[in-house]
1. Could you calculate the contour length gain from B:ILE26 to B:THR332, that is, 0.36 nm times the residue separation minus the distance between their Cα atoms, to one decimal place in nm?
2. Can you tell me how much longer the chain between B:ASN241 and B:ILE340 gets when fully stretched, taken as 0.36 nm per residue apart minus their C-alpha distance, in nm with one decimal?
3. Let me check I've understood the local charge: for B:VAL59, count other residues with C-beta under 15 angstrom from its C-beta, Lys and Arg +1, Asp and Glu -1. What total comes out?
4. Between rounded, prolate and oblate, where does the stretch B:87-141 land on the alpha carbon gyration tensor, with a ≥ b ≥ c its root eigenvalues, rounded for a/c under 1.5, else prolate if a/b exceeds b/c?
5. If I model a spin label at B:ALA67 and B:LEU35 as a point 7 Å from the Cα along the Cα→Cβ vector, what separation in nanometres do I get?
6. Net charge near A:GLU85: determine it from the other residues with C-beta under 12 Å of the C-beta of A:GLU85, scoring Lys and Arg +1 and Asp and Glu -1.
7. Assuming R0 = 25 Å, what is the FRET efficiency of B:ILE116 and B:GLU155, from their Cβ-Cβ distance, to the nearest 0.05?
8. Please compute, for peptide C:43-49, the average count of beta-carbon atoms on other protein chains lying within 10 Å of each residue's beta-carbon.
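FYI, it's all coordinate maths here, none of it is from the lab. Bear in mind that the values here come from a model prediction, so they are computed numbers and not experimental data. No Cβ is skipped: glycine too gets one built from the backbone with ideal geometry, and neighbour counts run over all protein chains shown.
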Amino acid sequence: MNDEGQLYTIEGITAGVIMLVTAFTIFNSGLVYTPGDAHISDMQIQQLGYDALAMMDTPAELGPVKESPLAEMIKAKNDAGFKSEFNRYLTLHTGTTEFVDSLEFNATVFNRLKNSGAGTVHSYHFSNSTMSEVSMLTREPAISVTRYVWLSDRPGGSVDSEYDNGGQLVLLEVLIWRR
Amino acid sequence: MDAIRRIKDEDAILSIDFLAGFTIFILSLIMVISLVPGVLAGIQSDNIDYDAVAYRTSVILVEDPGAPDSWNYEWDYPMIHKADMQRLGLAVDKETPNILSRGKVNFFFNLSPDFIFSAEEYRDKVIFGDIPYLYNISLKVDGESKTYYAGGGTEVPDYQYGYMRRLVKVKEPSSAEINFTNYPGQYTLPLDRNVTSITSDFSVLFPYDVLINKSVNPAYRIDPQSERVTINLSNICSDLNKSDLESMNFAGIAFRREGGGSEIGSLVPWKNETYSLMVNEMPYPGSGGEEVLVNSTNPLITLILYKVPTDEVHFPMFVNFSFSHVFKNNFTDHTYLSGIHRYDYNTSNVTQPELKDAVMEVAIW
Amino acid sequence: METLNDEGQWIVMMGFLVAIGMFMLAIIVSQAPLVGQTTAESVIEFPKNEVQDLRGKLVSMVSTSPTGTLQERFRGDMALLSMSRNNAIATYSIDGDNWTTSGTSTETNYIYHIIDIHYNNGITDYNENLTTFQWVTV
C-alpha cells in the first residue's frame, strides 16, 4: 500500500475553489450591459409630427375642391395659418396625462424646378413656431418629418426662379424639437 | 512481514484520497455548470419596454381596420360575435390609416349599451403579450366634451409608464336630413279633385352601384355594408296644402328592390333589429303600428339602417315611407306627397361623411 | 528528496480550463447587447409614414385621371425630392411603362390601373403592385 502523501483531495478542492470563485466573480460583476433607450421621445415626436401633417393634408369632406387644407396654406403662403394649425395639432391631448407643451418646429418647402433634364431643388422657409429661434440652442435633437403635398397650381405671386408653373408635388419638411 | 507488492499503474486501485479529491471537483463543476444559463438570461432586459407595447397598441388601434374589418354588430345578438373578433382595429379601411370609423369607436369605448369589452378582452385583442399589462386608452373627439376611455383601464400612475399619442380623424356616418321645406315642389304630385283619399309612398333610393364606388377614397365613401345610414324626415306637410287635408297619416315603412318591388327578406319591417325607426325619438314599429297623424302635429321621423347585408347590395334598394292622405272635399285639385330621394354623393341630397379631428392616448404599464 | 505524487494535477488543470472557458463565454456575451437595436430606434428607422404617404398620393392621383404631362410632373417631382431630402429612391410605373387612358383592364364603370411602386431608402426596400380604380360613367 502506498502510504506516501498524495494531494488528490487538495487538488480537487483547489480546482473546485478556482471554478466557483470565477463563476461568482463573473456573475456578480455586471458584465451584461443593456443600453438604455434614449430614443423613445424621438420616436414619439416623429410619429406625432407625421400624424399632424397627415391630418392637415386630409380634407374634411369629399368636396368638389379636392385640395387639402395644407395644400391651400402652401399655395397661399399662409405661414401664420400653418403655425397655428400645426401647433394646435401638436398640443391636442385627451387630458388623461399631464400635458407639457414643449415642442418647437421649423417648416421648409422643397420644390423642383424643371429647368432642363432632371431638375434642381429649390427651397424656402415656410413657417416656424414662435420661440423656435430662441430655443435653437437646445441640446435636444431635432426630428425631421416630411410630407408630399400636391399643389394644383404654384403659389400666387411666384416667379419662375422660385416655382414652375402649373400643378406639382412639393415636399414639406418640418423639424421638431423639444425646447 | 508479508512481502508488499508494488502497486503498478494498471492495477485497478483508486486511492481514497483520489476519490475524495475527484468527487469534490465534480461537485463544484456541477454547481458551476448550473450557474452558466444565468449568464445568458442576463441578456434579457429586466425592464419591460412599455413604450414599445404602447406604440404597437396605438398602431393596431389607429392604422389597422381589425380582424374582421367590418364589425357592425349593432343587431343580431352582438355579444355572441365577440369571440370572432381577433383584433380590435378602429380604422375604416386598410387604405386609410389614421381615419377611424365611428361605429368601431363606439364599440371599442363601450358607448354601445349592449356591447361591453372586459379588461381581459382588451388584453387579448388589442394589447397582446403574455404579461397582464395595465392600460389606459382614451380618445377625445373635437366638438365632443366627453373623453372616452376603454373599459377596464386604470388611472395613469405616478411612476414611469409607456406612452403614445396619436392624431386621428373620426369618420362620422352620412345622413339624409330631408326637411321638406328645402325641396319645394320636388316631392309632390297632383291629384284629381274627385279622388278624396290616397295612400302614397315617399321613397329614399340607395343606388349601390353609385355609392359603392371603388374610386372614392374609403374615408369619404358611403358604404351601407359597413356603417349606418340615417334618414330624417321633418316638416313633412310643409309643401302640401294643409287646409285641403283632412288627415295625413304615417303608416310604416317597407324595403323594396327596384323594379319588381319585392320585399327584401332580411329587412322585413317587423324584425326591428336591423334598423331603428323612431317617431319623435320614440321607437315605432316598421309596420302594424298605430298610425301617426302628420298634418296637425309635425313629427320627426328617423330611420337608422344599421347595416345592409352584403347580398343585398347588388340591386338598388328603395326605403318606402307610406303615407295615407284623406282630403276634405272635392272643390280643388289636391297635391299629395310622393317622390324618390336619392341617397348618393350629392351634397344637396345627403350630408356627406365628415371627418372630425380627434386625439388618442395609449398608456401601458 | 522524495517527490510527492503529482499525478493529481490533472484535476487542477481541468479546474483552470473550466474557469478560463467561463471567462471566454463572459467576454462573448458582453459583446452581444452592444450589437442590438432598441425598439425605438427600429421604429424611427422604418419609413412607415413615407411609404403610406407615397401610396396615398399615387392612389389619389390616379383616381383624378391625370394627363400625360401631369404624370411626367408627378414622377419627376417625386423622384428628385425623395432622393434629395429623404435619401430614398421612389419611383413607380403605371400600366407597364406609361400611363394609358384605357388602363390595364376594364370592367363596367371601372378602368383598372396597375401601379408598380418601388421605394428604397438603403435600409428598407419596398415594392408593391397596386390595383387602383378609376370611375368611368358608362
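1. On the way: separation 306, 0.36 × 306 = 110.16 nm, distance 11.72 nm.
Contour length minus the Cα-Cα distance gives 98.4 nm.
2. Working: separation 99, 0.36 × 99 = 35.64 nm, distance 2.00 nm.
Net length gain for the segment: 33.6 nm.
3. Numbers: positive: B:ARG56, B:ARG87, B:LYS94, B:LYS125, B:ARG165, B:ARG166, C:LYS48; negative: A:ASP51, B:ASP49, B:ASP51, B:GLU63, B:ASP64, B:GLU361.
Here the count lands on +1.
4. Details: a/c = 1.95, a/b = 1.33, b/c = 1.46.
Because a/c hits 1.5 or more and a/b fails to exceed b/c, the stretch B:87-141 counts as oblate.
5. Calculated label separation equals 4.6 nm.
6. Values: positive: A:LYS83, A:ARG88; negative: A:ASP57, A:GLU72, A:ASP79, B:ASP357.
The answer is -2.
7. Working: r = 20 Å, r/R0 = 0.80.
With a Förster radius of 25 Å, E is 0.80.
8. Values: counts 12, 8, 2, 0, 1, 6, 12.
Mean shielding count: 6.
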